[in-house]
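Accompanying notes for the structure given below.
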Amino acid sequence: MPHESAPQGSQVRHSVSTWQQPCPPPASAERAALVQQIAGRVMGCGGGRLLVGIDGYTAAGKTSFGHELAKEIAGAGRPVLRATLDDFKKPWKDRHLYDRESGEGYYRNAYDYAGLKRLLLDPCRTPEAASCALCGIDPLTQLDHSATKVSLAPDSVLIVDGVFAFRPEIDAYWDFRIWLDIDAELSIRRGAARDQNWAGSGAEAVHRNRYLVAARLYLEEAAPLERMDVVIDNSRFARPRIAR
């Protein structure tokens with residue numbers, strides 16, 4: 001995905017991963033106002049580097065909201081980096097070493113938190129660091145992009161979306177935590193429709209038996225909702241609302 005230029009010269013730097021979603025078109029004035037409000041709250045956290053985590057059920061709209069938030073913050077003059085946790089999963093070539101396909105196995109084993117910290121989160125948290133990697137292993141091509149670096153500015157805002165963003169392994173990194181709230185059944189319907197291209201007729205079963213089981217285990221063990229700065233009801237894309 002090419003880098004986006006913001007109105008005031010700042011830019012949003014994206015991962016080189018092929019696992020990309022475009023920034024959605026403006027959905028409504030109501031949604032634009034909410035994104036602007038959240039962007040103001042994020043920038044109100046300080047003028048130095050900021051790390052923002054966006055979490056929620058699968059297909060809650062995390063990536064789209066991350067793109068919208070990034071565009072708004074870049075438009076205000078801050079350099080923004082965009083990343084997704086899916087770009088920091090363990091390589092498929094090693095899947096015979098562990099269970100990654102059951103609900104519990106996906107929660108326990110799919111993500112490479114050590115690599116995520118080393119390549120992205122630790123550099124962004126280190127004032128002296130001048131660069132970071134926005135992608136480890138490309139989820140689609142399985143190419144290793146960990147050597148591809150982007151520059152870090154003193155006031156960079158890193159926006160990361162993905163499930164399990166507030167697990168104990170990485171929870172302490174975030175300056176601002178966002179939860180996009182949708183009903184579990186809506187998550188399954190949205191996710192199954194989205195993933196028909198690779199999961200086919202089994203898409204609903206994958207979401208119900210793997211991703212939803214993993215999400216419920218995460219909610220039970222990590223209790224992330226207790227630590228959110230904002231919870232957004234994203235059930236209706238054109239009419240999101242702050243739930244808490």
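The values are calculated or read from the model by the stated rules, or taken from the named source; none is laboratory data. Since we're looking at a predicted model, the values are computed, not measured. Cβ: placed from backbone, ideal geometry, glycine included. Neighbour counts: every protein chain shown. Only protein heavy atoms, including side chains, enter the accessible area calculation; ligands, DNA and RNA are left aside. Shrake-Rupley method; radii C 1.70, N 1.55, O 1.52, S 1.80 Å.
For this structure, a couple of remarks:
- Selection of segment 120-137 for residues being free of Cβ contacts under 8 Å to residues at least 40 places away in the same chain and either out of contact with any helix residue (DSSP H, G or I) (no Cβ under 9 Å at 6 or more places or on another chain) or farther than 14 Å from Leu51 by Cβ (or both) yields Pro123, Thr126, Glu128, Ala130, Ser131, Ala133.
- Out of Asp94, Asp55, Asp99, one residue alone is of a type in the set (Asp, Glu) and under 24 Å from Ile182 (Cβ atoms). It is Asp55.
- Failed criterion for Val150 (all others in (1) touching a Cys at 6+ places or on another chain (Cβ under 7 Å); (2) β-branched (Val, Ile, Thr); (3) under 24 Å from Gly61 (Cβ atoms) hold): (3)
Rundown of residues vs (1) small (Gly, Ala, Ser); (2) under 29 Å from Leu81 (Cβ atoms), yes/no style:
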{"site": "Ile159", "(1), (2)": "no, yes"}
{"site": "Ala184", "(1), (2)": "yes, no"}
{"site": "Arg190", "(1), (2)": "no, yes"}
{"site": "Glu204", "(1), (2)": "no, no"}
{"site": "Ala214", "(1), (2)": "yes, yes"}
{"site": "Asp229", "(1), (2)": "no, yes"}
{"site": "Ile232", "(1), (2)": "no, yes"}
{"site": "Ile242", "(1), (2)": "no, yes"}
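- The residue of segment 66-82 that is least open to solvent (accessible area, probe 1.4 Å), among those that are of a type outside the set (Gly, Ala, Ser) and touching a Pro at 6+ places or on another chain (Cβ under 8 Å), is His67.
- Of all residues in segment 42-78, those that are in contact with a Phe, Trp or Tyr (Cβ under 7 Å, 6 or more places away or on another chain) and either part of a helix (DSSP H, G or I) or of a type in the set (Asp, Glu) (or both) total 2.
- Whichever residue in segment 170-206 is in contact (Cβ under 8 Å) with a residue 24 or more places away in the chain and of a type in the set (Phe, Trp, Tyr) and, among such residues, is most open to solvent (accessible area, probe 1.4 Å): Tyr173
- In this structure, Lys71 does satisfy being within 24 Å of Val231 (Cβ to Cβ), touching a residue at least 40 places away in the same chain (Cβ under 8 Å) and among the basic types (Lys, Arg).
- Some residue of segment 218-225 being among the hydrophobic types (A, V, I, L, M, F, W, C), open to solvent by 60 Å² or more (accessible area, probe 1.4 Å) and in contact (Cβ under 8 Å) with a residue 12 or more places away in the chain: yes
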